[in-house]
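Everything below concerns the one structure shown next.
The values are calculated or read from the model by the stated rules, or taken from the named source; none is laboratory data. The shown structure was predicted, so the numbers you read here are calculated from the model rather than taken from an experiment. Cβ sites come from the backbone with ideal geometry, for glycine too, and all protein chains shown count toward neighbours.
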Amino acid sequence: MRILLLSHRFAPLSVGGVERWTWTLAEALAAGGDEVQVLSRDDREERVLPPFSLVEGTPAGRPDARSPEGVGMHWITHRHSDARRATDAWRDPRFDAPLDALLDRLEPDVVHVAHGDGWGVAPFRRAARRGLVVGATLHDYKAFCARGQLLPEVGPPCSAAFEERCVRCVSDQLDRGPLQALAGRLAPAGLHERWARTRLPLEQRPEPPAKARRRWRARQRALMEALNGCDVLTAPSEFVARAHRQAGLRRGVDVLRNPTPGAPPPISPRRPGPLRVGFFGTDVPSKGLGGLLRAAAGVSGVEVHVHGPRPGAPGERLVWHGPYEPEQAAKLMSGVDVIALPSVWPENAPLVAEEARLAGRPRLVSAVGGLPEGVRDGVDGWILPADDVAAWADRLRALAAEPAEVVRATAAVLPPGSPQASAADHRRLWQKAIDGR
């Protein structure tokens, strides 16, 4: 089978959850005998080639870049600031020529969109007009939330897409015309982020113009129609599938847990001493590290071991280990007793949760999004209210006082899904769609 996977970003230019998911699946498919190609966007701020240039192999100027084993790589240069008007954010016709050229050359059987951010509807439409099997994976909420995470710039997470809130949230994007687009391209790096922090809560913003509402509705229709037209649609959690159905998705979704590469490290016994709680990732407010540290501060016999960029939230019981490479995660996790995922936004199925299973470590997770789906509360982990410092402190206190409970939970942790199993599941769905033509 000839397969083209599209990711919004990819290594070495970006290394996030979707990028790692795409890399893992691509390698597993190639190892199983499929002909696999990956297409991503080169969205670097420093412009190397003109927008919408098609590059094969390593990204321009990066001869040192490594590709997944046995997988061909392709890039289209495109940044969000290349949009000339609001509609280019989800329907930019300048994608058509490079996508058509690549599809003509590769002649894939399947085009599967790992993440549509930046691509909009173009890959769905260009593949469908050729009669190819079209698939997609729902890694977040980008199809109905322009920010992707149900997180406004200011205020608590949203529970769903509501026109009144959504239009106010991204009114600056929906109002974009040629002059605003030019100003965005010329703005210094980081200016948008600094400006965003000064924004008002959604309820205090002015009434959006009718034009912004029309554009928001057009975006929602276009992206949801693209997903409804897919032959294969998957998601790593039932929560994100349900959220899309609530937003207008009419077709079924196959829930496939994220694959986790690597061999499990030796499971070390619980060592005497403080309860070692591991936090893996970047300290951004939505990840909830600040709340975890506040909970731990009032509990004796607890240490929070942070692996990732230097945290901004101070903590008297914090032990910072610095950034780490993704392939080191499971081994590093074996050095703590439990893994905490205290997110305050509705995460889908972060890879950290699956890496914890690979390391054989129980998890403490917030009761939001898809996080609870991988945890059997009180058996191989614990599910706690999001951003409830008192509840998290109580659980940490109980685990610190009863080391045997951690030992029991560690023994009950189930292994994660393998890359080979994930490749087989995707191959089965794609083949079924091919056979149904």
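Just for segment 283-314: of the residues that are touching a strand residue (DSSP E or B) at 6+ places or on another chain (Cβ under 7 Å) and touching a residue at least 40 places away in the same chain (Cβ under 8 Å), which one is nearest to Glu325 (Cα to Cα)?
Only one residue tops the list, namely Leu289.
Taking segment 328-351 on its own, how many of its residues are within 16 Å of Ala386 (Cβ to Cβ) and either surrounded by fewer than 22 Cβ atoms within 10 Å (Cβ to Cβ) or not aliphatic (A, V, I, L, M) (or both)?
Residues flagged as within 16 Å of Ala386 (Cβ to Cβ) and either surrounded by fewer than 22 Cβ atoms within 10 Å (Cβ to Cβ) or not aliphatic (A, V, I, L, M) (or both) within segment 328-351 amount to 8.
What residue, of Phe239, Phe280, is surrounded by 15 or more Cβ atoms within 10 Å (Cβ to Cβ), under 30 Å from Lys432 (Cβ atoms) and in contact (Cβ under 8 Å) with a residue 40 or more places away in the chain?
Result: Phe239 is the single residue among Phe239, Phe280 that is surrounded by 15 or more Cβ atoms within 10 Å (Cβ to Cβ), under 30 Å from Lys432 (Cβ atoms) and in contact (Cβ under 8 Å) with a residue 40 or more places away in the chain.
For the structure I just gave you, tell me whether Ala143 is crowded, with 17+ Cβ neighbours inside 10 Å and within 14 Å of the chain's Cα centre (by Cα).
It is true that Ala143 is crowded, with 17+ Cβ neighbours inside 10 Å and within 14 Å of the chain's Cα centre (by Cα).
Inspect segment 397-414 for any residue being closer than 23 Å to Arg20 by Cβ and either of a type outside the set (Asp, Glu) or in contact with a Gly (Cβ under 9 Å, 6 or more places away or on another chain) (or both) and give the result as yes or no.
yes
Which residue pairs have Cβ atoms under 7 Å apart, sit 6 or more places apart or on different chains, and have a first residue in segment 9-22 that is within 17 Å of His426 (Cβ to Cβ) and a second that is of a type outside the set (A, V, I, L, M, F, W, C) and modelled with pLDDT under 90?
These pairs meet every condition: Arg20/Pro326.
Name the residue that is modelled with the highest pLDDT, counting only residues in segment 312-353 that are charged (D, E, K, R) and within 18 Å of Val365 (Cα to Cα).
So, considering only residues that are charged (D, E, K, R) and within 18 Å of Val365 (Cα to Cα), the one modelled with the highest pLDDT is Asp337.
When segment 120-158 is examined, which residues are found to be over 15 Å from Ser286 (Cβ atoms) and part of a loop (DSSP other than H, G, I, E, B)?
Gly120, Val121, Arg129, Arg130, Gly131, Leu132, Leu138, His139, Lys142, Ala143, Phe144, Ala146
Of all residues in segment 77-108 being over 15 Å from Val55 (Cα atoms) and of a type in the set (A, V, I, L, M, F, W, C), which is surrounded by the fewest Cβ atoms within 10 Å (Cβ to Cβ)?
Step by step, filter segment 77-108, then rank; the result is Ala89.
Here is a check on your reading of the model: is Pro272 loosely packed, with under 15 Cβ neighbours inside 10 Å and assigned to a loop (DSSP other than H, G, I, E, B)?
Criteria met by Pro272.
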